[in-house]
Amino acid sequence: MLCPSYNKWGRPNPPYVFFKYDGATWQRISLGEFPGEFKDIANLTVSPSKKQRNEMIPEFHAKGYVSAETVIKQNVRLKEYGRVIRTASPELDRKDCPHDIPDGHNGWIGIGFFTIGHSYEKCIRACVINNMSAPYCPCDRLFKENKDQ
């Protein structure tokens, strides 16, 4: 739920990231792939405090997972998060989180740095200055329609 995680996972709306274990590794799945029968967040921990994490560690080490009962107990304080929201909404955007993007060097940089000049060319210059390779440079995404102008 913290801003770095929100940015890392692409600022999802609704603000969840889902994973499925395929027998060998955990794979990220979309909200649409998340089974509809899961309506409560019983299997999702929501920003547990340090004390709560410490309470869950022994169970995790013993079983390899944290039981739904334990998660429900930990999440009792989060009544507003009781149900999985399945539709995007402007109210779910984390406007309190600055929009940062990965720089490709294990760091983050504010998206505003690339939009200050309001042009594709100035954005590309910002990527060069920050030594950002093509997969990390946001210019095509930010200026896709205007890049030929």
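The values are calculated or read from the model by the stated rules, or taken from the named source; none is laboratory data. In this text the structure is predicted, and so the values were computed from the model without any measurement. Here the Cβ positions follow ideal geometry from the backbone for every residue, glycine too, while neighbour counts run over all protein chains shown. Note: accessible area is taken over every heavy atom of the protein model, side chains too, but ligands, DNA and RNA are not part of it. Shrake-Rupley method; radii C 1.70, N 1.55, O 1.52, S 1.80 Å.
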Roughly how tilted is helix 50-63, in degrees to the nearest 10 and between 0 and 90, from the longest Cα axis of the chain? 70 degrees
Given unit charges at Cβ for Lys, Arg (+) and Asp, Glu (-), the dipole magnitude of the chain about its Cα centre in debye, nearest 20, is 320 debye
Amide H of W108: which non-local residues (sequence gap of 5 or more, or other chain) have their own amide H closer than 5 Å, using H built in the peptide plane? D103
³J(HN,Hα), Karplus 6.51/-1.76/1.60, whole Hz, each residue of the stretch 131-144, x for Gly, Pro: 6, 8, 6, 3, x, 9, 5, x, 4, 4, 5, 6, 10, 3
Expressed in nanometres to one decimal, the distance between label points 7 Å along Cα→Cβ at K95 and E121 is 3.5 nm
Which entries of K39/K144; K39/K95; K73/K95; K63/K95 have Cα-Cα distances beyond 32 Å here? K39/K144; K63/K95
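As an exercise, use a Förster radius of 41 Å and the Cβ-Cβ distance of K144 and A62 to find the FRET efficiency, rounded to the nearest 0.05.
With a Förster radius of 41 Å, E is 0.25.
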Rounded, prolate or oblate (a/c below 1.5 giving rounded, otherwise prolate when a/b exceeds b/c) for the stretch 88-147 by Cα gyration tensor: oblate
In a Debye calculation with equal point scatterers on the alpha-carbon sites of the stretch 59-124 and no solvent, what is log10 I(q)/I(0) at q = 0.12, 0.14, 0.21, 0.23 Å⁻¹? -0.66, -0.78, -0.97, -1.01
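Could you work out [θ]222 nm for the chain from helices alone, using -39500 (n - 2.57) per DSSP H run of at least four and dividing by all its residues? Round to the nearest 500 deg cm²/dmol.
-8000 deg cm²/dmol
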I need the Debye-formula profile for the chain: one equal scatterer per C-alpha, no solvent, reported as log10 I(q)/I(0) at q = 0.17 1/Å, two decimals. -1.08
Solvent-accessible area, 1.4 Å probe, carbon plus sulfur percent, for the chain: 57 percent
